[in-house]
Amino acid sequence: MDNPRLEYLRDKVKKLPLQPGIYIMKDKKGKIIYIGKAKALKNRVSSYFRSVDKHTPKVYRMVENVWDFEYIVTGSEFEALVLECSFIKQYTPKYNILLKDDKGYHYIRIGGGDYGKITASHQPLKDGARYLGPYLSGYVVKQTVDEVNKAFLLPTCNRNFPQEIGKQRPCLNYHIKQCMAPCSGKISPEEYAEALEEAVSFLKGSSSQIQKVLTEKMMQAAEQMQYEKAARYRDRIRAIQGLQENQKVVSIRYEEEDVIALVQSSVKCCAVVLKFRDYKLVDKEYFMLDEMSEFSEAAMAAREQNTQELALDKVLQELRAQFVLRYYSMKDSVPKSVVLDGEIGCRDQLQSYLSEKAGRSVQLLIPQKGDQMKLLTMAKENASQQIAEQTRRTSREISALDELARLLGLHQVPNYIEAYDISNIGSETIVAGMVVFEEGRPLKGAYRKFSVRTVQGKPDDYASMREVITRRLERYEQHKSEGVGFGRLPDLILLDGGRGHVAAVKPIVQQMGFAIPVFGMAKDDRHRTRTIATEDGELSVSSFRSAFDLLTSIQDEVHRFSITYSRAKHQSRAMDSVLRSVEGIGEKRAKNLFLRFRTLKAMEAATVEQLEETPGMTHLTALNLYRYLHGNEEGQKNGENL
């Protein structure tokens, strides 16, 4: 750490009180670079200046620039949270998460000319087009433009009309009935203008009137036997009805409500706010909170202790409280109810604070089922998608790891998972397979195989698993400087088995000085993942759909890998037994023959010359093997012809 003030800062920390408050970090020029809150100032601030090399890169850079700090003592942790929020808003420090309320206005643009298009725009221009708006939500504007273009079969391509009419064939949108294809030359400017004006009227709120007019036009076209034209009106009516149905899906029974969900990945945290007004979804906002999660008091404490005592839910409770307070401190109004996806720190005080700001009662709701739970699911999916876009993972993988961490009560998302399974065929072949999943995907280059050495006679899965885990962790000490393979510790160990497997392995992990969470994967009668096994009981995974799918794929993969190795090992032993009964073949030659031919069938198909080409083989030994495999008479005949 290249900070000459480190010793001074450590000495200053010793004088801090063990009371709640905020701390203000400053750089060499006296500029505020970070503001945080703590329920025990001395403990919290001291954590920055000890074990500095273990900090995450962002925290490390911040500490590197700290020249001095100040603090303010408060009466409670909630007062510290409110004061922290106020100071962050006032000073906007470099290393704090900034929830900037910098939304501009958005417009719907209706292009001019004979073939104008409907698009979203950030600002109106003097370009001859018409503009509807302004609207606060860019999300709603974009969604509305997309849906209206589909409903009224208006083009969304980059082709210019009428210049490009007839020059290219209609694109896919025409064939899936999402565009009338003016490029085909079959749509007159009058027909196009009619559809465009109907779309504009719909955008202005004349839905029922538009449907009535379209129905009349459809009947009139049918009477005149213009069936193709009538079909276009019919399709337009159906699309408008479908659009109205879609709008009902994102409507609620409450006049105004915000739905907030947080999703955590191994490197990112995202909060999504779905805003409902007048019973309908009117906006979506999202904020990446990875900076906030780095400096979260609970997150820092969990990393320092390297234990499961501070679970991910504890971290998210703090993040949730900080986010809600900071978010609504930027807003002029607060809805009547705020729906949250989990518990929140200082819930009663925060609810009182929001009610005071709103001038009426505000409820913080944490639903467990029903329509609001479905809205939370939608918010979570949106948050997962935002993280996926920034991390090149799928939203399903992000959701699965987030759910798994919450299900197991982990203090961080398990980015690197190792799973183990014991497989045996009788007492002679006892093996184990280790598979690795990184960020929700198999990392096949990190898979490992184990031959169990210490268990003799009757198979003992518990003893075998203890041996395998012990050997794996011992290999970590040998390879930890490499940082890959055995040189990397997992965030989570999963065992193919129940409570007994966990009870057998967890003490070994702890005795060796590792704080790696260990759980079992128990199967049902259909060989599907049924529950997660702990030392004390079982956790149902049925209500965690994404986590359930991930666990099932992990359990299936580790079982496949271990049983494949077990069969290969058994086949190798059987072949070794056969080969070593041949004169001149010992352990080394038998091994080389197996590596070259793999099966007895392939060996039987080989000639004496091909057998002799195996490393270590002589002509006489190859001839003996050939005679053994084919019977003495055929072997003798083959030998006479040599």
- Query: Going through segment 163-183 one residue at a time, which ones are loosely packed, with under 14 Cβ neighbours inside 10 Å, farther than 16 Å from Gly113 by Cα and not charged (D, E, K, R)?
  - Reply: Gly166, Gln168, Leu172, His175, Ile176
- Message: Which residue is farthest from Gln211 (Cα to Cα), if the candidates are limited to segment 149-172 and must be modelled with pLDDT under 85 and not in a loop (DSSP other than H, G, I, E, B)?
- Response: Lys150
- Message: Going through Ser76, Ser46 one at a time, which residue ends up being more than 22 Å from Ala321 (Cβ to Cβ) and of a type in the set (Ser, Thr, Tyr)?
- Response: Ser46
- Query: Assuming Ile508 fulfils every condition listed in (1) part of a helix (DSSP H, G or I); (2) out of contact with any Ser or Thr (no Cβ under 9 Å at 6 or more places or on another chain) apart from one, which condition is it?
  - Reply: (2)
- Item | In segment 341-365, the residues that are surrounded by 15 or more Cβ atoms within 10 Å (Cβ to Cβ), touching a strand residue (DSSP E or B) at 6+ places or on another chain (Cβ under 8 Å) and modelled with pLDDT of 90 or more | Asp341, Leu350, Gln351, Leu354, Val362, Leu364
- Query: Could we say that Ser361 is of a type outside the set (Phe, Trp, Tyr) and over 25 Å from Gln264 (Cα atoms) here?
  - Reply: yes
- Task: Could you run through segment 192-232 and say how many residues are in contact (Cβ under 8 Å) with a residue 12 or more places away in the chain, of a type in the set (D, E, K, R), part of a helix (DSSP H, G or I) and out of contact with any helix residue (DSSP H, G or I) (no Cβ under 8 Å at 6 or more places or on another chain)?
- Result: 1
- Message: With free of Cβ contacts under 8 Å to residues at least 12 places away in the same chain, of a type in the set (Asp, Glu) and buried (at least 17 other Cβ atoms within 10 Å of the Cβ) as the only criterion, which of Asp491, Asp496, Asp460 stands out?
- Response: Asp460
- Show the residue pairs that are 6+ apart or on different chains and have beta-carbon atoms under 9 Å apart, the first residue being within segment 41-54 and of a type in the set (S, T, N, Q), the second being surrounded by fewer than 16 Cβ atoms within 10 Å (Cβ to Cβ) and in a helix (DSSP H, G or I). Ser46/Arg10; Ser47/Glu304; Ser51/Glu304
- Task: Among the residues of segment 464-478, write down those that are over 22 Å from Ser562 (Cβ atoms) and not charged (D, E, K, R).
- Result: Gln478
- Note on the structure: If we keep only residues of segment 329-340 that are in contact with a helix residue (DSSP H, G or I) (Cβ under 6 Å, 6 or more places away or on another chain) and surrounded by fewer than 23 Cβ atoms within 10 Å (Cβ to Cβ), then the residue modelled with the highest pLDDT is Val334
- Query: Looking at (1) in a helix (DSSP H, G or I); (2) at pLDDT below 80; (3) surrounded by fewer than 14 Cβ atoms within 10 Å (Cβ to Cβ), can you tell me which one Ser543 breaks?
  - Reply: (1)
- Task: Please specify each residue of segment 608-636 satisfying the condition of being exposed (fewer than 13 other Cβ atoms within 10 Å of the Cβ) and either within 12 Å of Arg596 (Cβ to Cβ) or modelled with pLDDT of 85 or more (or both).
- Result: Glu609, Glu613, Pro615, Thr618, His619, Leu620
- From the residues in segment 398-438 that are under 26 Å from the mean Cα position of the chain (by Cα) and among the polar types (S, T, N, Q), which one is surrounded by the fewest Cβ atoms within 10 Å (Cβ to Cβ)? Asn415
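The values are calculated or read from the model by the stated rules, or taken from the named source; none is laboratory data. These numbers come from a predicted model, not from an experiment. FYI the Cβ positions are ideal-geometry reconstructions off the backbone, even for glycines, and counts take in every protein chain you see.
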